[in-house]
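Just below is one structure, and these are the notes that go with it.
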Amino acid sequence: MPVDILVGTQWGDEGKGKLIDVLTRDVDMVVRFQGGNNAGHTVEIGTEKYVLHLVPSGIFRPGVSCIIGNGLVVDPVGLMQEMQALAARGLDISTIELSNKAHLIFAYHQAADALEEAALGENHKIGTTKRGIGPAYADKAGRTGIRGAQLQNLANLETLFRGQAEKYNRLFREAGATTLDIDAEWAKVREAAIYLAPFVRDTVVSVNRSIKAGKKILCEGAQGALLDIDHGTYPFVTSSNTTTGGACTGAGIAPKHVGTVWGVMKAYTTRVGEGPFPTELLDATGDELRNAGGEFGATTGRPRRCGWFDAVASSYSCMINGVDKLAITKLDVLDGLEELKICTSYEIDGTVTADMPVAADMLARVKPRYESMPGWKESTTEARSWDDLPENARKYLDRMAELVEAEVAIISVGPKREQTFWR
Ligand code: GDP
Ligand code: IMO
Ligand code: MG
């Protein structure tokens, strides 16, 4: 099969960027299919560390086509800056293609995002990245969005941008909020449009031509299944389909071309932003995981909430995604812990279930029920094969896989490329 899909199986930040970089060794094209620069995908190569927001994590392998697909919402100014920064570090960015159908994010979307969060207030806010993701997807669904193709037509783009910006300014005025300086914002958009215009393509054609030519394609998910607009912990979700179905619509790939579905899964659980998180640890163990795992947002720098591995949530997510192979990351972060816990069922209002509740308020009420496993003392960061792992680590991984009904294919024991091995 020409197309594999890699998705996050939890609430994002599972290590997708690292895994895409590793798997890109054997592919010709990497395609982002949803989300925007709310994503922060970290890749560490040698002494260099990169955090990508819109550019696919295949960019470090020479000659690999990097597609920003139709399903994304793209901040043109942010993308220009990201591409310029990568080029300044010596990377070849000529392989990047931006879809003519991707929707554009402008300053008015970001301002609206911040305003909506403020209106919800501390107790009800979503804890978004404030990158304008929700408002941009709302414009797309509302059929008032502006798409990538317009970057190649400055006159049209200016008319559309000014029209929308004025509409948003009226809303901001009514809300008593600061309005945008439309001329100043247009100047930034214009510069980005001129920079990005040569990269705009019909990426659906590029992708399908590659499929026909027998090339190997890897789709790079952003966020995680539990942040999916349909299947996640609504309303504490992002505004796109982060699950495998999103790859077909967000890249223009027919399902019949899809082969392996990779699920990236942290050996524990993290979440950034608001919303229910049954296995969250608000104690010293939670702090320990945060410190050992460097759990601070790659996009916003916010501390990530940390907790035990949640097999109820993760097996639900593997089901929705049809995960075949697991890449389990950050095993090393658990090194030295005396006891490890895995949540295997929830108690909701006196009833025990292994099914994921639909409603966020219900999920917020669940009591996680745990099974306990012994930890290991040894460091796993130098492990390079299954047999190098301590016996208890192998048992822990096997139990995770058994609970989510998928196969452990890759284990990651550190942020670097070489800290990865196949089972
Ligand atoms: P993504 O959004 O899924 O690409 O993940 P992020 O880049 O936001 O967060 C993952 C973080 O963990 C990054 O800082 C990675 O460098 C780091 N990382 C990835 N895999 C491992 C691992 O196996 N062990 C450790 N200790 N860190 C890892
Ligand atoms: P990667 O691809 C973790 C979270 C935000 C917030 C919710 C909605 O790096 O895994 P949004 O700005 O999308 O409207 O915010 O989604 N969120 C992420 N959490 N990793 C991400 O991306 C995220 N992208 C968005 O924190 O809770
Ligand atoms: Mg991230």
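The values are calculated or read from the model by the stated rules, or taken from the named source; none is laboratory data. The shown structure was predicted, so the numbers you read here are calculated from the model rather than taken from an experiment. So basically every Cβ, Gly included, is an ideal-geometry build from the backbone, and we count neighbours across all protein chains shown. Only protein heavy atoms, including side chains, enter the accessible area calculation; ligands, DNA and RNA are left aside. Shrake-Rupley method; radii C 1.70, N 1.55, O 1.52, S 1.80 Å.
Results, tabulated for the structure shown:
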{"item": "Residue in the range 258-275 that is away from ligand 2 (no atom under 13 Å from the Cβ) and open to solvent by 40 Å² or more (accessible area, probe 1.4 Å) present", "result": "no"}
{"item": "Hey, Pro357 over 25 Å from Ile20 (Cβ atoms) and free of Cβ contacts under 8 Å to residues at least 12 places away in the same chain or not", "result": "yes"}
{"item": "Qualifying residue in the range 286-293 (condition: closer than 20 Å to Gly414 by Cβ and within 16 Å of the chain's Cα centre (by Cα))", "result": "no"}
{"item": "Residue check, Arg290 at pLDDT below 95 and within 16 Å of ligand 3 (Cβ to nearest atom)", "result": "no"}
{"item": "Failed item in (1) under 22 Å from Tyr137 (Cβ atoms); (2) within 16 Å of ligand 1 (Cβ to nearest atom); (3) touching a helix residue (DSSP H, G or I) at 6+ places or on another chain (Cβ under 9 Å), with Ala102 passing the rest", "result": "(2)"}
{"item": "Residues of the range 23-66 satisfying the condition of being over 23 Å from Arg209 (Cβ atoms) and either in contact with a Cys (Cβ under 8 Å, 6 or more places away or on another chain) or more than 16 Å from ligand 3 (Cβ to nearest atom) (or both)", "result": "Ile45, Gly46, Thr47, Glu48, Phe60"}
{"item": "Arg170 open to solvent by 30 Å² or more (accessible area, probe 1.4 Å), assigned to a helix (DSSP H, G or I), within 14 Å of Ala111 (Cα to Cα) and modelled with pLDDT of 95 or more", "result": "yes"}
{"item": "Residue within the range 213-221 that is closer than 30 Å to Lys16 by Cα, in a loop (DSSP other than H, G, I, E, B), touching a Ser or Thr at 6+ places or on another chain (Cβ under 7 Å) and touching a residue at least 40 places away in the same chain (Cβ under 8 Å) present", "result": "yes"}
{"item": "Counted residues, the range 201-238 - those being touching a strand residue (DSSP E or B) at 6+ places or on another chain (Cβ under 9 Å) and within 16 Å of Gly69 (Cα to Cα)", "result": "15"}
{"item": "In the range 133-160, the residues that are basic (Lys, Arg) and either within 15 Å of Ala192 (Cβ to Cβ) or outside any helix (DSSP H, G or I) (or both)", "result": "Arg143, Arg147"}
{"item": "Yes/no for Phe236 being more than 25 Å from Ser412 (Cα to Cα), open to solvent by 20 Å² or more (accessible area, probe 1.4 Å), aromatic (Phe, Trp, Tyr) and within 14 Å of ligand 2 (Cβ to nearest atom)", "result": "yes"}
{"item": "Some residue of the range 70-79 being at pLDDT 95 or above, within 16 Å of ligand 1 (Cβ to nearest atom) and under 29 Å from Ile411 (Cβ atoms)", "result": "no"}
{"item": "Unique residue being in contact (Cβ under 8 Å) with a residue 12 or more places away in the chain, aliphatic (A, V, I, L, M), closer than 17 Å to Val207 by Cα and not assigned by TED's automatic domain parsing to the domain that holds Asp139 when the list is Val73, Val64, Val51", "result": "Val64"}
{"item": "Complete set of residues in the range 222-243 that are over 21 Å from Gly132 (Cβ atoms) and not in a loop (DSSP other than H, G, I, E, B)", "result": "Ala225, Leu226"}
{"item": "Ala184 of a type in the set (Gly, Ala, Ser), part of a helix (DSSP H, G or I) and open to solvent by 10 Å² or more (accessible area, probe 1.4 Å)", "result": "yes"}
{"item": "Selection count where residues are of a type in the set (Gly, Ala, Ser) and under 24 Å from Val22 (Cα atoms), scope the range 289-330", "result": "9"}
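Residues are listed down the side, and each one gets a yes or a no for (1) within 16 Å of ligand 1 (Cβ to nearest atom); (2) under 21 Å from the mean Cα position of the chain (by Cα); (3) assigned by TED's automatic domain parsing to the domain that holds Ala177:
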position: Trp11; (1), (2), (3): yes, yes, no
position: Lys16; (1), (2), (3): yes, yes, no
position: Ala39; (1), (2), (3): yes, yes, no
position: Val43; (1), (2), (3): yes, yes, no
position: Ile59; (1), (2), (3): yes, yes, no
position: Gln81; (1), (2), (3): no, yes, no
position: Gln110; (1), (2), (3): no, yes, yes
position: Ala118; (1), (2), (3): no, no, yes
position: Glu122; (1), (2), (3): no, no, yes
